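Participant: For reference, the structure I am asking about is given below.
The values are calculated or read from the model by the stated rules, or taken from the named source; none is laboratory data. Here the structure is a predicted model, which means the values were calculated and not measured. Reconstructed Cβ throughout: ideal geometry from the backbone, glycine too, with neighbour counts over all protein chains shown. We work out accessible area using only protein heavy atoms, side chains counted, and drop any ligands, DNA or RNA first. Shrake-Rupley method; radii C 1.70, N 1.55, O 1.52, S 1.80 Å.
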Amino acid sequence: MNIIKATQDYEQWLARVAPVVAVDLQHKHDIMGASAFSLFRGSYYWWCYRFPRALPALATAPQILGVGDLHCENFGTWSDRKGREIFGINDFDEVSLLPYTNDLVRLMTSVIFTVRKYNLPLEVEEAQEAIVSAYRETISSGGSPLVLDKSPSLSALLKDNKKSPARYFKSLQKQCVPVDEVPRKVRRSVLSMIPPNHKEGQWYHRQSGCGSLGRPRFVQIASGANESRVVREAKLLLPSAWTLVNSEWKGRRILISRVLKRAVRVADPYFRNKHGWLVRRLSPEGGKARLQSLSEKTQLLTLLAAMGQETANIHSGHPKAGALILKDLKARPANWLSQAAFAMHELVLRDFEVWRNGMQVAQDLPEVPSGSIIPDVPDVPSAA
């Protein structure tokens, strides 16, 4: 088993349970061949196979409802119902019941990639301390949402992370292709989240991101008075790759609504699971939090601490998990996270060479060879 065989396996399963967008899948293969970090982001199904086998001592840690596909590009800001800016995780496509260590190791591994790619003034051990300390403190307190007007140091870092409306819509249009047909329940769910004073406009298919490329993804741009526009997106939800690889049939459920309901955070009011589709707003007012946009060590550590805190906010929603996590953390050596992340980072680099050498094989998607990352069980309904 290697990443090419795993990709064949996962994508053939995907084609059985969802209407695959072939051109997006081809684009995903190209992205994964561009850099090791892109491969890391696009192949969570392979991480799910690798992690418990490479780090078995971490795979037996206390289980929680976790993000799964967590990395440092999955954090940003949004506005709540009161108009306050909130910082947090903005991608929950791969939520599942898994060891709490998975999210921390995956986040730390992404930090190693980013620090090295952009030559950031930060030692990995310092990054680890910032993440783990904030995570531990937040688990101990039971969770602490990140409202930016109460976090001036974090707010200062994120003040320039938004695009102008003109620039934002220009970028969005490049990702979108007009479509004539949209599933009825998608159209109904999206339009229910559009303000009543806005008129339905053109529907689009959007090609964006990496990990979920290949799934149907519809965008509606509705217009209002004074040339105002609001954008809503619907993306098909499927069971997490973690449950496909590591769980029995009964564990293959879509748990995004459950984790969002339990998490200790201020919710985005326009981020919902509606009939098996993730419906959310897209807006120039929401921004990404990027480590590479910062140049000072103190800034980097502040942002990493916020990422650790938000990860704990998600984990804190799991019943009675706090005490078990704190006990497990106490028993681990001081450098456990950086060592684990370096090990996974090295595996991703090896996988990247395998992928580049056999990329054409993966694109052609031949029959899956003997051995499979996904157990041979009945298919999962696409809108469970």
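Participant: Go through P319, P284, P333, P269 for me and flag whichever is open to solvent by 50 Å² or more (accessible area, probe 1.4 Å) and either of a type in the set (S, T, Y) or within 29 Å of D80 (Cα to Cα) (or both).
Facilitator: Among P319, P284, P333, P269, only P319 is open to solvent by 50 Å² or more (accessible area, probe 1.4 Å) and either of a type in the set (S, T, Y) or within 29 Å of D80 (Cα to Cα) (or both).
Participant: Kindly indicate whether D91 is modelled with pLDDT under 95, under 15 Å from the mean Cα position of the chain (by Cα) and crowded, with 18+ Cβ neighbours inside 10 Å.
Facilitator: yes
Participant: Spot the failing condition for I325; the list is (1) at pLDDT 95 or above; (2) within 21 Å of the chain's Cα centre (by Cα), and only one is missed.
Facilitator: For I325, the failing item is (2).
Participant: Among the numbered conditions (1) farther than 29 Å from S155 by Cβ; (2) at pLDDT below 90; (3) open to solvent by 40 Å² or more (accessible area, probe 1.4 Å), tell me where R258 comes up short.
Facilitator: In the conditions (1) farther than 29 Å from S155 by Cβ; (2) at pLDDT below 90; (3) open to solvent by 40 Å² or more (accessible area, probe 1.4 Å), R258 misses (2) alone.
Participant: Sticking with this one: Check segment 178-186 and report whether any residue there is touching a residue at least 60 places away in the same chain (Cβ under 8 Å) and buried (at least 21 other Cβ atoms within 10 Å of the Cβ).
Facilitator: There is at least one residue in segment 178-186 that is touching a residue at least 60 places away in the same chain (Cβ under 8 Å) and buried (at least 21 other Cβ atoms within 10 Å of the Cβ).
Participant: Another question, if that's okay. From the residues in segment 300-315 that are touching a strand residue (DSSP E or B) at 6+ places or on another chain (Cβ under 9 Å) and not hydrophobic (A, V, I, L, M, F, W, C), which one is surrounded by the most Cβ atoms within 10 Å (Cβ to Cβ)? Give the derivation first.
Facilitator: Step one: filter segment 300-315 for residues touching a strand residue (DSSP E or B) at 6+ places or on another chain (Cβ under 9 Å), giving 303, 306-307, 309-311, 313-315.
Then drop every residue that is not not hydrophobic (A, V, I, L, M, F, W, C), which leaves 309-311, 313, 315.
Values: Q309: 25, E310: 30, T311: 26, N313: 23, H315: 27.
Residue satisfying both the conditions and the ranking: E310.
Participant: Here's a follow-up. Would you call P99 of a type outside the set (K, R), out of contact with any Lys or Arg (no Cβ under 9 Å at 6 or more places or on another chain) and crowded, with 19+ Cβ neighbours inside 10 Å?
Facilitator: Against the criterion (of a type outside the set (K, R), out of contact with any Lys or Arg (no Cβ under 9 Å at 6 or more places or on another chain) and crowded, with 19+ Cβ neighbours inside 10 Å), P99 qualifies.
Participant: Any residue in segment 1-18 that is aliphatic (A, V, I, L, M) sitting within a Cβ distance under 8 Å of a residue that is at pLDDT 90 or above and open to solvent by 20 Å² or more (accessible area, probe 1.4 Å)? List the pairs, counting only those 6 or more apart or interchain.
Facilitator: M1/Y49; I3/V354; I4/V354; A6/Y49; L14/V20
Participant: Here is a further query. Provide a single number: the residues in segment 225-234 that are open to solvent by 10 Å² or more (accessible area, probe 1.4 Å) and at pLDDT 90 or above.
Facilitator: Residues meeting the conditions: 3.
Participant: If you check every pair at least six apart or on different chains, which have Cβ atoms under 8 Å apart with a residue in segment 161-175 that is under 13 Å from G286 (Cβ atoms) first and a residue that is open to solvent by 80 Å² or more (accessible area, probe 1.4 Å) and part of a helix (DSSP H, G or I) second?
Facilitator: These pairs meet every condition: N161/S293.
Participant: Quickly run through segment 287-299 and pick out the residues that are in contact (Cβ under 8 Å) with a residue 40 or more places away in the chain and open to solvent by 30 Å² or more (accessible area, probe 1.4 Å). Steps first, please.
Facilitator: In the first step, residues of segment 287-299 are kept if they are in contact (Cβ under 8 Å) with a residue 40 or more places away in the chain; the result is 287-297, 299.
Scanning segment 287-299 gives K288, R290, Q292, S293, S295, E296, K297, Q299.
Participant: Now, a different point. What helices (runs of 4 or more DSSP H), lying completely within segment 66-185, carry at least 3 residues that are closer than 30 Å to A18 by Cα?
Facilitator: 100-118, 165-175
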